[in-house]
Amino acid sequence: MNLRPSLSSRVLTISALALTTLIAPTTLKATSNKTPLVHVIMTVDWEGRNLSPTNIAAMQQLRQDYPTLPILHYLNAAYYFKSGANAEQTTDTIHSTLLPIDQLGLHIHGWQSLFTAAGVTFRNQPNWNPGGKPLTDAECASDCGHSIPIRAYSEAELSQVIKFSIDTLSSHGFGRAQHFRTGGWMLSQRVSNALTANGIVSDSSAVPAEFLHARLYNYPLYQWAVQTWTGITQTSQPYLLNTKHGALLEVPDNGCLADYMSGAQMLTVLRANLAEAQASGEERIVVVGFHQETAADWLPHIRDFLSGAFALNANGQVVSFGAMPTQL
Ligand SMILES: [Zn+2]
């Protein structure tokens, strides 16, 4: 299926957003009374692979340096089902990166551990890694399935895993997720139906596939992203997807994630949206983010982006950081 915007792009009203004025670290003074023109939503995908102290520390440092920057965490229940996982420790580790201003959402990859725990028979294909071969028993010795798009599963199976994930995270104090991003950006109609069946109101899987080309051109995932997200660009805005259980708000990940984008590239996205906002007089949304599992490697890109955003403010243009909306 093609998940192009079915409606003309509509921008959000300020009232639909919980806005937080962009405030730089205490050493920087970047405030303005002007109405924000571009709202940036900072996201992090928790892959469900591991919780290494190095990456957790990198996230904690970012939170200390930018205490007023809200982040939408797409959390993953898979950590609780790894062999030898300590639930209390897992909860504490995740919590150690959170701030009260954050939002908590859901991210799912096709982990064998998670799907099995949810009572769903694991599928070892299709595989989005180069070569695309089914995962072998050896590859699955500890856990596997990150590279299996969850849309390979039936709607009933997906609903079971989504409900199980929400219940798991909720039982550990992370609330009931309303916001979602699909592993590998691999949304489909079946996934969308299963999301709204479980109370999810927004998804941020739409991505400009061109941003993935440099690192993923030889991955089946890249071709799938091209096919799935035809028409999605760096200035694509929120739109509604029809599902069996009502509309799902699709908020494009138009600034992609830090593993694939330098800070300068993310700033190019910000400037393009700022130009459109200034031309139209309407607010624009920019979504950017990173992965918990590679935070130590790629948070420097996010820091570069944040510095550039403050520079834009210093030039009299206005950017704010806000929460993911729940409606158009
Ligand atoms: Zn992911």
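With respect to the conditions (1) away from the ligand (no atom under 16 Å from the Cβ); (2) buried (at least 24 other Cβ atoms within 10 Å of the Cβ), ASP253 lacks only one, and its number is (1). Selection of the stretch 139-184 for residues being under 23 Å from GLN89 (Cα atoms) and part of a loop (DSSP other than H, G, I, E, B) yields SER142, ASP143, CYS144, HIS146, HIS172, GLY173, PHE174, GLY175, ARG176, ALA177. Of everything listed in (1) out of contact with any Gly (no Cβ under 8 Å at 6 or more places or on another chain); (2) among the β-branched types (Val, Ile, Thr); (3) within 15 Å of the ligand (Cβ to nearest atom), the single unmet condition for THR54 is (3).
Being hydrophobic (A, V, I, L, M, F, W, C), touching an Asp or Glu at 6+ places or on another chain (Cβ under 8 Å) and within 16 Å of the ligand (Cβ to nearest atom) is the requirement here; does PHE180 meet it? Spell out the reasoning first.
Working: hydrophobic (A, V, I, L, M, F, W, C): yes; touching an Asp or Glu at 6+ places or on another chain (Cβ under 8 Å): yes; within 16 Å of the ligand (Cβ to nearest atom): yes.
Considered against the rule, which asks whether it is hydrophobic (A, V, I, L, M, F, W, C), touching an Asp or Glu at 6+ places or on another chain (Cβ under 8 Å) and within 16 Å of the ligand (Cβ to nearest atom), PHE180 comes out as yes.
Is it the case, given these coordinates, that THR230 is hydroxyl-bearing (Ser, Thr, Tyr), away from the ligand (no atom under 16 Å from the Cβ) and out of contact with any strand residue (DSSP E or B) (no Cβ under 8 Å at 6 or more places or on another chain)?
On the way: hydroxyl-bearing (Ser, Thr, Tyr): yes; away from the ligand (no atom under 16 Å from the Cβ): yes; out of contact with any strand residue (DSSP E or B) (no Cβ under 8 Å at 6 or more places or on another chain): yes.
In short, yes.
Could you grab me the full set of residues in the stretch 104-135 that are surrounded by fewer than 20 Cβ atoms within 10 Å (Cβ to Cβ) and either on the phi > 0 side of the Ramachandran plot or part of a strand (DSSP E or B) (or both)? Hits for the stretch 104-135 are GLY119, GLY131, GLY132. Applying a threshold of 6 Å to beta carbon distances and a minimum spacing of six or more residues, or different chains, the list of pairs starting in the stretch 79-101 at a residue that is touching a residue at least 60 places away in the same chain (Cβ under 8 Å) and ending at one that is in a loop (DSSP other than H, G, I, E, B) reads THR91/HIS172; ILE101/PRO70. Have a look at ALA309, ALA272, ALA279 and point out the one that is more than 17 Å from the chain's Cα centre (by Cα) and modelled with pLDDT of 95 or more. Exactly one residue qualifies, and that residue is ALA272. Here is the figure for the stretch 56-92: residues that are under 19 Å from the mean Cα position of the chain (by Cα), aliphatic (A, V, I, L, M), more than 24 Å from LEU195 (Cβ to Cβ) and in a helix (DSSP H, G or I) total 4.
The values are calculated or read from the model by the stated rules, or taken from the named source; none is laboratory data. Remember, it's a predicted structure, so these values are computed and weren't measured experimentally. With ideal geometry, Cβ positions are generated from the backbone for all residues, glycine too; neighbour counts draw on all protein chains shown.
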